[in-house]
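Below is one structure; the comments refer to it alone.
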Amino acid sequence: MAGMNIILPAMGEGVIEATITKWLVKPGAEVKEDDPIVEVATDKVDSEIPAPTDGIISQIMAQEGSVVKVGETIAVIASNASSGPEVQEAVRKEVERINETIKEVREEIKTEQIASREIKSRTPLGKFLSPLVRNIAARENISHAELDSIKGSGMDGRITRDDVILYLEMKNKKPEIPAETQISQAPAITTQKGDEIVEMDRVRKIIAEHMVMSKRTSPHVTSFIDADVTGLVKWRNSVKDKYLAREGQKLTLTPVFIDAAARALAEFPMINISVDGNNIIRKRNINIGMATALPDGNLIVPVIRNANEKNLTGLALAVNDLAERARNNKLKPDEITGGTFTLTNFGSYNNLTGTPIINQPQVAILGTGAVRKMPAVLETPEGDVIAIRSIMILSLSYDHRVIDGALAGKFLNRIKEILENYSPDKV
């Protein structure tokens, strides 16, 4: 009976470890290939790890609550049959992904070490700096002048690792605000009899921190425009039954909105960017995230990669698949990372519009409101007339550090034009 190690797979961009939250099987359990066997959690998403092959779980190596590095063994599965070519190829690819993650981490460490070597071993005042202290200084961007200001607790006044960490803690500590100036602080919350206290779950805490961080990072501005999507609605109504019969899935407006956003981003690449200090990073790929509500009330943003390279059918299938797996906690960690732009559909709940918060490190997010029949003024050769049209409101929140109103306005208007004259490449 051959045995195979089950390793913690690569968990997405920038993720090198995960917490084992719940084992779904016990030693001795028989499993089929792709059966979920364990639930894990990272700082990005909760996920399930499937069995790599048919077999029997012979040993569990990582207990619930433990933190495991990518590439470490979490269990052993015994199989009566030797691994076939497909399993071997899957293992080979996973090992390649893990090696790539390890390589990236080592490159980061190497960069820090190079930077630390560029820092002299003594400060201008002659204080000795050990390699460890220089490495921390390089990573935290502490200047020689700052190091000179640190009082060393080591032998002969030498600056130790603990001295530098204490300095960083004091430097980053928020100053106490006198009581008379705390007007803008959040007021203290009082409870009364009958009030219920519900602690935020882990995902809600992460969302809250991410939203607050986004507002602190980017000066948000939101622009609005309405779009007459009468033609689009008529077209969808004319093809949705045929699409359902052919694909077995509904054709909603969400993939159309994503298609329009992808086309506009290709024309306005300075919306498809991120900010790194004083540098603007223009993204090569157009990866669009779609905000998806979960049954527990939380939110997740799965990403459609290279959205501009997919036709409407491809986008529709991707939207339906990601939304379904998001609601059933079946997303893989790398399916919620790498987005360059986000769409949130307020219209799903019959809301007219909203001012969405940017999904960092992106610089813009599109909100789509409900489509409503409304009276509108139309220009005709015989003069203006009032007609019943299908109207929706589009909103674009953007980072005013790098996107001005003119660029945002042109981009938003281009999406309006695409939707008002929509013609899919293929359905």
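Length gained on full extension, ALA387 to LYS22, computed as 0.36 nm times the residue gap minus the Cα-Cα distance: 125.6 nm.
Quick one: which of LYS26/LYS332; LYS215/LYS310; LYS215/LYS410; LYS69/LYS332 span more than 21 angstrom between C-alpha atoms?
LYS26/LYS332; LYS215/LYS310; LYS215/LYS410
Between ILE165 and ASP201, the contour length at 0.36 nm per residue exceeds the alpha carbon distance by 9.9 nm.
With the convex hull built on the Cα atoms of segment 280-344, state its orientation-averaged projected area in nm². All intermediate terms of the calculation are to be shown ahead of the outcome.
Values: hull surface 19.0 nm².
Approximately 4.8 nm², given one-decimal rounding.
Most tightly packed first, judged by the mean number of other beta-carbon atoms within 10 Å of their residues, the peptides 244-255, 335-346, 373-384 read 335-346, 244-255, 373-384. Comparing THR340, ASN308, VAL229 along the charge dipole axis of segment 226-358, the residue lying farthest to the positive side is ASN308, per the Cβ-charge model.
Carbon-plus-sulfur accessible fraction, segment 28-71 (probe radius 1.4 Å, protein heavy atoms only): 43%.
Shape summary: segment 198-243 maps onto an equivalent ellipsoid whose semi-axes, from the alpha-carbon gyration tensor, are 39, 20, 8 Å in decreasing order.
The values are calculated or read from the model by the stated rules, or taken from the named source; none is laboratory data. Everything numeric here is computed off the predicted structure, so don't read it as measured data. Cβ: placed from backbone, ideal geometry, glycine included. Neighbour counts: every protein chain shown. Side chains are part of the model used for accessible areas, which takes the heavy atoms of the whole protein and leaves out ligands, DNA and RNA. Shrake-Rupley method; radii C 1.70, N 1.55, O 1.52, S 1.80 Å.
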